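Please read the structure below before turning to the comments.
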Amino acid sequence: MHVQPGECILFLWQNRHTVVIGKNQNCWKECKVKELEADNGNLVRRLSGGGAVYHDLGNLNFTFCVRKEDYDVDKQLAVIIEAARMFGIHAEKTGRNDVTVDGKKFSGNAFYDSNGFCYHHGTLLLSVDKENMSKYLNVSKEKLQTKGVSSVRSRVANLQEFNPDVNVERMEENLIAAFGKVYGLKTEEIPEARFDREAIEKGEERFASWEWKYGRKIPFEHEISKRFGWGGIDLQFHVDKGVVQSVNAYSDGMEYSLVELLPGAWQGKRYEVEELSKALDLLPEVSETEHQMKQDISALLQENL
């Protein structure tokens with residue numbers, strides 16, 4: 001479905017237990033990928049830029065779809081601000097991307113345009129689980145250097161903190177009413193017949209793929225190190241497109257044969273705990289010490305990737 005000239009489409013949607021990152025972000029830097037997926041969460045990479053956000057069912061998301069000649073960020077944000085005002089909440093635009101109340105962000109926004117078609121989408125924090133938000137976001141990896149875009153963290157707030165009557169259903173109603181008021185037009189629901197099911201299925205396949213989520217060409221270096229009873233180890237990964245390009249492995253342990261095999265074992269492997277651990281497990285071990293080394297290195301990967 002394509003937006004028509006003179007038309008503005010407002011989509012309202014939700015995700016359950018999901019971290020959404022910008023097109024050019026390094027997912028390993030922005031969130032705890034392993035913990036998220038272990039907790040049956042979802043990692044999603046969007047087409048637009050901007051920072052990482054956490055979605056659950058206490059979050060309502062919006063997308064404005066318009067032709068370039070009708071694109072007006074201030075007008076679109078006015079819909080969000082008016083919907084909050086209907087709850088008696090004084091919201092305001094701050095900077096380029098955020099909508100805040102009392103200096104706390106409840107809506108972050110991102111933008112995308114392609115061949116004359118534009119969209120503007122964002123989050124609305126109503127009653128999001130901020131404990132989970134902190135659990136999966138704001139990961140600090142001091143020795144991970146990336147050429148990707150990093151998120152700028154801000155103080156955030158749920159709108160329920162300003163009015164306990166705020167909920168998803170009422171916000172949906174307010175947004176539809178505000179949409180009509182700001183644009184001065186009667187709103188109409190889009191008929192299902194306008195949706196191109198084949199295009200939707202192709203989009204699902206593309207955006208769910210490993211290549212799109214993890215394999216973007218965003219080179220980065222990640223160094224992890226730790227000291228064990230048998231000695232210390234320092235691993236320096238160079239990763240691109242989600243694949244290990246090279247590894248430098250250093251150790252001051254007395255038994256170094258296993259460490260020397262690590263670069264060759266990991267080169268060309270996906271930057272995933274399971275794949276790297278499997279390659280490590282296949283390496284030969286000639287002593288009890290090397291058996292322990294493999295267990296410790298595997299645990300180190302689990303802790304840091």
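Of the cross-linked pairs LYS23/LYS135; LYS135/LYS217; LYS34/LYS226; LYS202/LYS269; LYS32/LYS135, which ones have a Cα-Cα span greater than 18 Å in the structure shown? The pairs that break the limit, which is 18 Å between Cα atoms, are LYS23/LYS135; LYS135/LYS217; LYS34/LYS226; LYS202/LYS269. With R₀ fixed at 35 Å, the C-beta to C-beta distance from ASN115 to LEU57 puts the FRET efficiency at about 0.55. If R0 is taken as 30 Å, the Cβ-Cβ distance between ARG206 and ASP39 corresponds to a FRET efficiency of 0.75. Considering only ALA177, SER277, GLN292, and ranking their Cα positions along the charge dipole of region 174-305 that arises from unit charges at the beta-carbon of Lys, Arg, Asp and Glu, the one farthest toward the positive end is ALA177. Estimated from helices alone, the mean residue ellipticity of the chain at 222 nm is -9500 deg cm²/dmol (sum of -39500 (n - 2.57) over DSSP H runs with n ≥ 4, per residue).
Would you please give the FRET efficiency between LYS278 and LYS130, computed as 1/(1 + (r/R0)^6) with r the Cβ-Cβ distance and R0 = 41 Å, to the nearest 0.05?
0.70
Taking a point 7 Å out from the Cα of HIS291 in the direction of its Cβ, the residues of region 196-238 whose backbone N falls within less than 20 Å of it are 228-231. A straight chain from GLU192 to ARG155 at 0.36 nm per residue would run longer than the Cα-Cα distance by 9.4 nm. Gyration tensor over the Cα atoms of the chain: the corresponding equivalent ellipsoid has semi-axes (square roots of 5 times the eigenvalues, largest first) of 45, 21, 15 Å.
Applying D = kT/(6 pi eta Rh) to region 1-82, where Rh is the Kirkwood radius over alpha-carbon pairs, T corresponds to 20 °C and eta to 1.002 mPa s, the Stokes-Einstein value obtained is 147 µm²/s. Relative to the longest principal axis of the chain, what angle (0 to 90°, nearest 10) does the C-alpha long axis of helix 197-208 take? Rounded to the nearest ten degrees, it is 40.
Mind checking the full-extension length gain between LYS181 and ASP252? Use 0.36 nm per residue of separation minus the Cα-Cα distance, one decimal, nm. Please list the in-between numbers first.
On the way: separation 71, 0.36 × 71 = 25.56 nm, distance 6.93 nm.
Going from the current span to full extension adds 18.6 nm.
When the trypsin sites (Lys or Arg not before Pro) in region 159-225 are filtered for DSSP coil states and for at most 15 other beta-carbon atoms within 10 Å of their beta-carbon, the remaining sites are LYS186, LYS217.
Values in this text are rule-based calculations from the coordinates and carry no lab data. All values reported here derive from a predicted model rather than from experimental measurement. Quick reminder, even Gly has a Cβ in these numbers, built from the backbone with ideal geometry, and neighbours come from all protein chains shown.
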